[in-house]
1. Being touching a strand residue (DSSP E or B) at 6+ places or on another chain (Cβ under 6 Å) and assigned to a loop (DSSP other than H, G, I, E, B) is the filter here; which residues of segment 101-123 pass it?
2. Which numbered condition in (1) touching a residue at least 60 places away in the same chain (Cβ under 8 Å); (2) away from the ligand (no atom under 14 Å from the Cβ); (3) hydrophobic (A, V, I, L, M, F, W, C); (4) not in a loop (DSSP other than H, G, I, E, B) is the only one that Ala67 fails?
3. Checking Gln16 against (1) surrounded by fewer than 21 Cβ atoms within 10 Å (Cβ to Cβ); (2) within 16 Å of the ligand (Cβ to nearest atom); (3) under 17 Å from the mean Cα position of the chain (by Cα), only one condition comes out false. Which one?
4. Confirm whether Val191 is of a type in the set (A, V, I, L, M) and modelled with pLDDT of 95 or more.
5. What is the residue count in segment 1-40 for residues that are in contact with a helix residue (DSSP H, G or I) (Cβ under 7 Å, 6 or more places away or on another chain), under 23 Å from Thr157 (Cα atoms) and either part of a helix (DSSP H, G or I) or charged (D, E, K, R) (or both)?
6. Report yes if Phe147 is surrounded by fewer than 19 Cβ atoms within 10 Å (Cβ to Cβ) and closer than 22 Å to Ala28 by Cα, otherwise no.
7. Looking at segment 43-66, which of its residues are among the small types (Gly, Ala, Ser) and surrounded by 16 or more Cβ atoms within 10 Å (Cβ to Cβ)?
8. When you look at Val112, is it closer than 21 Å to Ile41 by Cβ, more than 16 Å from the ligand (Cβ to nearest atom) and touching a residue at least 24 places away in the same chain (Cβ under 8 Å), yes or no?
Amino acid sequence: MTKIAIVTGSIRPGRQSLNVANWVKSIADQRADAEFEVVDIADFKLPVWDEATPPSFGPGEGAEGQAWAAKMAEFDGYVFVVSEYNHSITGALKNALDFVYGQLNNKAAAFVSYGSAGGARAVEHLRGILSEMQVAHVRNAVLMSLFTDFENFSVFTPTEPAAASVEPMLEQLVSWTKAMEAVRDGAFAPVGANA
Ligand SMILES: Cc1cc2nc3c(=O)[nH]c(=O)nc-3n(C[C@H](O)[C@H](O)[C@H](O)COP(=O)(O)O)c2cc1C
């Protein structure tokens, strides 16, 4: 069965990220074509990445990073829950991504974001990061407003249009996730192999 992680994007006390991740899972669990699991970056207590060699060169040294990398390797696709901090993703999510590389290569991802402008600026930054990590990121996304989807900016109350945008995002993600399984299985020659 295709496995998709719903990855939180923030770790602060009082964060919305885990609420949003659990909400996405409650909708995703209605699908029969993939299994979904919430993966909370806060659980991994990752230090700031400071190792001698990048994960693209081989496995990391620290136990926390190894546990995180092993968890991410379990999945075929990812929904990233994206909190917008200073017009980008959180430092916590960027740091967590700096611990992995091959674990994400040739897999697929989608985004559920929030912020004053729907978290769109953060999602665009994350797309750039995931491109470098050779992740196929889908177009359809769930963008939620701090003004309408969070009562008093603090209680998660998703609007109907936000809820309605989850399924189209998942539809594309599951489709691309399954397609990328064929890429990892070697069904296609790597680009440039014949050059
Ligand atoms: C350090 C920090 C910077 C922020 N910068 C932005 C920002 O640039 N744009 C925005 O729309 N919201 C910004 N916010 C508001 C957050 O998007 C909002 O607090 C959201 O709930 C944070 O996600 P979290 O609850 O998962 O931590 C910022 C919040 C924090 C804590």
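1. Hits for segment 101-123 are Leu104, Gly118, Gly119.
2. All conditions pass for Ala67, except number (1).
3. Result: Gln16 passes all but (1).
4. Judged against the criteria, Val191 is not a match.
5. 5
6. Considered against the rule, which asks whether it is surrounded by fewer than 19 Cβ atoms within 10 Å (Cβ to Cβ) and closer than 22 Å to Ala28 by Cα, Phe147 comes out as no.
7. The answer is Gly60, Gly65.
8. For Val112, the condition - closer than 21 Å to Ile41 by Cβ, more than 16 Å from the ligand (Cβ to nearest atom) and touching a residue at least 24 places away in the same chain (Cβ under 8 Å) - is not met.
The values are calculated or read from the model by the stated rules, or taken from the named source; none is laboratory data. Owing to the predicted nature of the structure, the values given are computational and were not obtained by experimental measurement. Here the Cβ is made from the backbone with ideal geometry for all residues, glycine too, and neighbour counts use every protein chain on show.
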